[in-house]
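Could you have a look at this structure, given as structure tokens, before my questions?
What follows draws every value from the coordinates through simple rules; no lab data is involved. All values derive from a computational prediction rather than experimental measurement. Using ideal geometry, Cβ is built from the backbone for each residue, glycine included, and neighbour counts are taken over all protein chains shown.
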Ligand SMILES: Cc1cc2nc3c(=O)[nH]c(=O)nc-3n(C[C@H](O)[C@H](O)[C@H](O)COP(=O)(O)O)c2cc1C
């Protein structure tokens, strides 16, 4: 057995008080993300995306946040992947950011919708050409592939199909998904495992947010 029971850190970097919180969770999230970017943390816009299928079987994987605004939190993927099929059957997700160096985590839960085609097209064509071809090559994402050689051969065939600067169309099975966050949680590690946690829940009326401190 790998024994990790002796490994522990104490979280003492910062505190989170109610008076520190923005009344709205989006600017609160944007401020924490910006702090992580400014500090040079590696890919602080990478997040864990948890989904569940129609039977409730959960699955989780990393994706990259590509935008955060009033419309929601946006990432891009293959709609026919494991996660894509989960979200087709059960269009809700929870996102998790963990910024270890800042002793912080943020959770965001909500329903998931597709971003408009025009926006997905713009993002797809802003990606490096190799990434565009890779989206075509990995289809359907998450399906078995015979070998690395088979994948490389598909990629080479796509290079031949779209030579030079020939535009690569965005595949219909690839695009953006957006979580319209209904519930957020901001967590700041504290000493003695007495962490600070605040939940923002969207209120039914008035469009405001109810903020609640949670036991750690
Ligand atoms: C740092 C990192 C970033 C990733 N970004 C994405 C992404 O933005 N979109 C995506 O579809 N997969 C991304 N992946 C790959 C996914 O984690 C996952 O392997 C893939 O999407 C298939 O997941 P699924 O079979 O659960 O659908 C990323 C992986 C890592 C480690």
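Give the angle, between 0 and 90 degrees and rounded to the nearest 10, that separates the Cα long axis of helix 117-126 from the longest principal axis of the Cα atoms of the chain.
Its long axis makes an angle of about 80 degrees.
Percent relative contact order of the chain, based on C-alpha pairs within less than 8 angstrom and at least six residues apart?
25 percent
What's the exposure ranking of 138, 59, going from fewest to most Cβ atoms within 10 Å?
59, 138
What is the distance in Å between the Cα centres of segment 61-84 and segment 120-184?
Comparing the Cα centres of segment 61-84 and segment 120-184, I get a distance of 14 Å.
Sticking with this one: In deg cm²/dmol, rounded to 500, what helix-only [θ] at 222 nm does the chain give when every DSSP H run of at least 4 residues adds -39500 (n - 2.57) and the total is split over its residues?
-7500 deg cm²/dmol
I'd like the orientation of helix 148-161 relative to the chain: the angle between its Cα long axis and the longest Cα principal axis, in ° from 0 to 90, rounded to 10.
Result, in degrees: 70.
Using alpha carbons only, how many degrees (0 to 90, rounded to 10) separate the axis of helix 25-38 from the longest principal axis of the chain?
On a 0 to 90 degree scale, this one is about 70.
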